[in-house]
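The values are calculated or read from the model by the stated rules, or taken from the named source; none is laboratory data. Model, not experiment: these values are computed from the prediction. For neighbour counting, all protein chains shown are included, and Cβ atoms are generated from backbone atoms with ideal geometry for every residue, glycine included. With ligands, DNA and RNA removed, areas are computed over all heavy atoms of the protein, side chains included. Shrake-Rupley method; radii C 1.70, N 1.55, O 1.52, S 1.80 Å.
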Amino acid sequence: MPQKIIFWDWTGTLADEARMDEAVCRSMEEEVAKRDKITFEEAEKIFKDHLKTLENTWQWHDYVLHGKALGVDWKHHQEKNLRELVLLPHAREILEYAREKGYRNVLVTNAVRPVILLRVRYLGVLDLFDAVIASDDVQAMKSEGRHFLHGLRTLNGDPQASFSV
(Lines give C-alpha, C1' and ligand atoms only; values in the text may rest on other atoms or scores of the structure.)
Protein backbone atom coordinates (compact mmCIF):
# COMPACT_ATOMS: atom_id res chain seq x y z
CA MET A 1 0.00 0.00 0.00
CA PRO A 2 1.43 3.44 -0.94
CA GLN A 3 2.67 5.47 1.99
CA LYS A 4 2.04 9.09 2.95
CA ILE A 5 5.39 10.79 3.48
CA ILE A 6 6.47 14.09 4.92
CA PHE A 7 9.94 15.02 3.74
CA TRP A 8 11.43 17.19 6.47
CA ASP A 9 14.13 19.75 5.90
CA TRP A 10 16.59 19.93 8.79
CA THR A 11 18.39 23.27 8.96
CA GLY A 12 16.05 26.09 9.90
CA THR A 13 13.01 23.83 9.92
CA LEU A 14 13.71 21.38 12.73
CA ALA A 15 17.09 22.55 14.00
CA ASP A 16 19.20 25.67 14.26
CA GLU A 17 22.74 24.78 13.23
CA ALA A 18 24.12 28.24 12.49
CA ARG A 19 26.16 28.64 15.67
CA MET A 20 27.37 25.06 15.50
CA ASP A 21 28.52 25.27 11.89
CA GLU A 22 30.34 28.51 12.65
CA ALA A 23 32.01 26.95 15.69
CA VAL A 24 33.00 23.80 13.78
CA CYS A 25 34.61 25.78 10.97
CA ARG A 26 36.44 28.01 13.42
CA SER A 27 37.64 25.01 15.39
CA MET A 28 38.97 23.31 12.26
CA GLU A 29 40.71 26.51 11.18
CA GLU A 30 42.26 26.96 14.62
CA GLU A 31 43.68 23.44 14.47
CA VAL A 32 45.16 24.06 11.01
CA ALA A 33 46.71 27.34 12.20
CA LYS A 34 48.26 25.73 15.28
CA ARG A 35 49.45 22.61 13.45
CA ASP A 36 50.94 24.48 10.49
CA LYS A 37 52.23 27.39 12.61
CA ILE A 38 50.36 29.95 10.52
CA THR A 39 47.98 32.73 11.47
CA PHE A 40 44.31 32.04 11.98
CA GLU A 41 43.59 34.29 8.99
CA GLU A 42 45.84 32.16 6.77
CA ALA A 43 44.12 28.97 7.94
CA GLU A 44 40.73 30.59 7.37
CA LYS A 45 41.77 31.46 3.81
CA ILE A 46 42.87 27.87 3.18
CA PHE A 47 39.45 26.61 4.28
CA LYS A 48 37.57 29.27 2.31
CA ASP A 49 39.61 28.49 -0.82
CA HIS A 50 38.75 24.81 -0.39
CA LEU A 51 35.05 25.63 -0.03
CA LYS A 52 35.16 27.88 -3.09
CA THR A 53 36.17 24.89 -5.25
CA LEU A 54 33.00 23.12 -4.09
CA GLU A 55 30.46 25.95 -4.50
CA ASN A 56 27.07 24.83 -5.81
CA THR A 57 27.83 21.15 -5.23
CA TRP A 58 26.60 18.78 -2.57
CA GLN A 59 30.21 18.31 -1.43
CA TRP A 60 30.21 21.91 -0.15
CA HIS A 61 28.21 20.53 2.81
CA ASP A 62 30.56 17.57 3.39
CA TYR A 63 32.50 18.04 6.63
CA VAL A 64 34.07 14.60 6.17
CA LEU A 65 35.60 15.81 2.91
CA HIS A 66 36.64 19.10 4.51
CA GLY A 67 38.37 17.22 7.30
CA LYS A 68 40.33 15.17 4.75
CA ALA A 69 41.25 18.26 2.74
CA LEU A 70 42.47 20.10 5.85
CA GLY A 71 44.04 17.05 7.46
CA VAL A 72 41.89 17.28 10.60
CA ASP A 73 39.48 14.92 12.36
CA TRP A 74 36.05 16.15 11.25
CA LYS A 75 34.22 14.11 13.90
CA HIS A 76 36.24 15.58 16.76
CA HIS A 77 35.28 19.10 15.68
CA GLN A 78 31.62 18.14 15.30
CA GLU A 79 31.45 16.46 18.71
CA LYS A 80 33.33 19.31 20.38
CA ASN A 81 30.67 21.79 19.23
CA LEU A 82 27.43 19.80 19.51
CA ARG A 83 26.35 21.96 22.45
CA GLU A 84 25.79 24.76 19.91
CA LEU A 85 23.16 22.69 18.07
CA VAL A 86 19.54 23.49 18.95
CA LEU A 87 16.34 21.60 18.21
CA LEU A 88 13.72 24.20 17.35
CA PRO A 89 10.73 24.59 19.68
CA HIS A 90 8.02 21.94 19.23
CA ALA A 91 9.95 20.07 16.53
CA ARG A 92 9.72 16.81 18.46
CA GLU A 93 5.99 17.22 19.06
CA ILE A 94 5.33 18.03 15.41
CA LEU A 95 7.24 14.94 14.23
CA GLU A 96 5.31 12.80 16.72
CA TYR A 97 2.00 14.31 15.59
CA ALA A 98 2.78 13.63 11.92
CA ARG A 99 3.52 10.01 12.76
CA GLU A 100 0.27 9.72 14.74
CA LYS A 101 -1.58 10.97 11.65
CA GLY A 102 -0.12 8.14 9.59
CA TYR A 103 2.73 9.92 7.84
CA ARG A 104 6.21 8.49 7.41
CA ASN A 105 8.77 11.08 8.52
CA VAL A 106 11.75 11.31 6.20
CA LEU A 107 14.64 13.65 6.89
CA VAL A 108 16.13 15.08 3.69
CA THR A 109 19.30 17.10 3.96
CA ASN A 110 22.22 18.55 2.05
CA ALA A 111 24.44 17.28 4.87
CA VAL A 112 26.28 13.98 4.50
CA ARG A 113 25.13 10.88 6.36
CA PRO A 114 27.84 10.64 9.05
CA VAL A 115 27.38 14.30 10.03
CA ILE A 116 23.59 14.38 10.06
CA LEU A 117 23.34 11.11 11.99
CA LEU A 118 25.74 12.46 14.63
CA ARG A 119 23.63 15.59 15.00
CA VAL A 120 20.22 13.92 14.95
CA ARG A 121 21.35 11.33 17.51
CA TYR A 122 22.73 14.07 19.74
CA LEU A 123 19.35 15.82 19.76
CA GLY A 124 17.59 12.51 20.43
CA VAL A 125 15.21 12.57 17.48
CA LEU A 126 16.57 9.85 15.18
CA ASP A 127 13.81 7.47 16.31
CA LEU A 128 11.19 9.89 14.93
CA PHE A 129 12.38 9.39 11.33
CA ASP A 130 11.54 6.41 9.16
CA ALA A 131 14.45 7.29 6.90
CA VAL A 132 17.26 9.79 6.54
CA ILE A 133 18.31 10.75 3.03
CA ALA A 134 21.56 12.68 2.86
CA SER A 135 23.29 14.24 -0.13
CA ASP A 136 25.99 11.59 -0.24
CA ASP A 137 23.24 8.95 -0.52
CA VAL A 138 22.01 10.42 -3.80
CA GLN A 139 25.11 12.38 -4.89
CA ALA A 140 23.07 15.54 -5.29
CA MET A 141 21.82 18.70 -3.64
CA LYS A 142 18.31 18.49 -2.23
CA SER A 143 17.15 21.12 -4.73
CA GLU A 144 17.81 18.65 -7.57
CA GLY A 145 14.94 16.43 -6.36
CA ARG A 146 16.82 13.13 -6.09
CA HIS A 147 16.32 12.98 -2.31
CA PHE A 148 12.55 13.00 -2.79
CA LEU A 149 12.52 10.50 -5.66
CA HIS A 150 14.73 8.17 -3.63
CA GLY A 151 12.39 8.45 -0.64
CA LEU A 152 9.28 7.84 -2.72
CA ARG A 153 10.84 4.76 -4.33
CA THR A 154 12.37 3.19 -1.24
CA LEU A 155 9.36 3.78 1.04
CA ASN A 156 6.70 3.12 -1.60
CA GLY A 157 5.54 6.70 -1.23
CA ASP A 158 2.37 8.05 -2.74
CA PRO A 159 3.40 11.31 -4.46
CA GLN A 160 -0.20 12.56 -4.32
CA ALA A 161 -0.29 12.18 -0.51
CA SER A 162 3.27 13.26 0.29
CA PHE A 163 4.81 16.67 0.74
CA SER A 164 7.91 18.52 1.84
CA VAL A 165 8.30 20.83 4.82
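Per residue, the chain reaches -14500 deg cm²/dmol at 222 nm when only DSSP H runs of four or more residues are counted, each adding -39500 (n - 2.57). In order along region 29-42, the phi-based Karplus estimate (6.51 cos²θ - 1.76 cosθ + 1.60, θ = phi - 60°) of 3J(HN,Hα) comes to 5, 4, 5, 4, 4, 5, 4, 8, 6, 10, 6, 4, 4, 5 Hz; Gly and Pro are listed as x.
Calculate the tail of P(r) for the chain: the fraction of all Cα-Cα distances greater than 24 Å, expressed in %.
Here the tail beyond 24 Å accounts for 39 percent of pairs.
Per residue, region 33-165 exposes 56 Å² of solvent-accessible protein surface, assessed with a 1.4 angstrom probe and all protein chains in place.
Rounded to two decimals, the Cα-based Rg/Rh of region 56-101, with Kirkwood Rh, is 1.20. Listed peptides 28-37, 106-115, 155-164 appear in the order 106-115, 28-37, 155-164 once ranked by packing, highest mean of other Cβ atoms within 10 Å at the front. Between amide H atoms placed 1.01 Å from N, distances below 5 Å from residue 164 occur with 7, all of them 5 or more places distant or on a separate chain.
Grab the beta carbon distance between residue 16 and residue 161, set R0 = 30 Å, and tell me the FRET efficiency rounded to 0.05. That pair, residue 16 with residue 161, gives E of 0.50. Could you work out the relative contact order of the chain, using alpha carbon pairs under 8 angstrom and six or more residues apart, expressed as a whole percent? Rounded, it is 37 percent for the chain.
Computed from label points 7 Å out along Cα-Cβ, the spacing between residue 38 and residue 64 is 2.6 nm. Amide H contacts of residue 131: 107, each under 5 Å away and 5 or more positions distant or on a separate chain (H built 1.01 Å from N in the peptide plane; Pro and chain starts excluded). For residue 142, a cut-off of 28 angstrom between C-alpha atoms picks up these lysines, skipping any fewer than 8 places away in its own chain: 4, 45, 48, 52, 68, 75, 80, 101. With θ taken as phi - 60° and the Karplus curve 6.51 cos²θ - 1.76 cosθ + 1.60 applied, the whole-hertz 3J(HN,Hα) list for region 16-27 is 9, 10, 4, 5, 5, 4, 4, 5, 5, 4, 4, 4 Hz, x standing for glycine and proline.
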